[in-house]
């Protein structure tokens, strides 16, 4: 099993939007308009043992905010991936199929999962956590996990 980061020392990435089910969103400017990169946060990944398989939607698929759009399978349990935004999948990080642990090594960089062309980003981003609100949520999530450690 991979070595886990000390959860009390996880850095909080301030430039992201967060879904309460631990997916993150980063806005990226593209020549055809804004696109949104999606991944999983460190707190979520702490709850998963060695990742053995990742099941995600395919390029061209449509996803809807708050719906399940993937599964992260560990050796002993699985966790669900919830869509933080609605839209069309423009790209899927296929490197994760070859080495699923990349997502744990660099969840906010090369461990990204999807690139989305959003259906209605302006309204849906308001439903996500950002800034001080996200920081308070993040700290609460870490405390919950620290209190559950035997």
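All of the numbers you see were taken from the coordinates with simple rules; none came from a lab. Since the model is a prediction, treat every value here as computed from it, not as a measurement. Reconstructed Cβ throughout: ideal geometry from the backbone, glycine too, with neighbour counts over all protein chains shown.
Odds and ends about this structure:
- In plain terms, the chain from residue 30 to residue 71 could stretch by 11.9 nm, reckoned as 0.36 nm per residue minus the Cα-Cα distance.
- Relative contact order of the range 15-142, defined on C-alpha pairs under 8 angstrom at six or more residues apart (%): 28
- Options [x] 8.7; [y] 12.9; [z] 9.8 - which one matches mean projected area of the Cα convex hull in nm² as calculated here: [x]
- Over the chain: helical MRE at 222 nm, DSSP H runs n ≥ 4 each giving -39500 (n - 2.57), nearest 500: -6000 deg cm²/dmol
- Cα centroid separation - the range 4-79 against the range 94-110, whole Å: 11
- Extending 7 Å from the Cα toward the beta-carbon at both residue 80 and residue 143 defines two label points whose distance is 2.7 nm.
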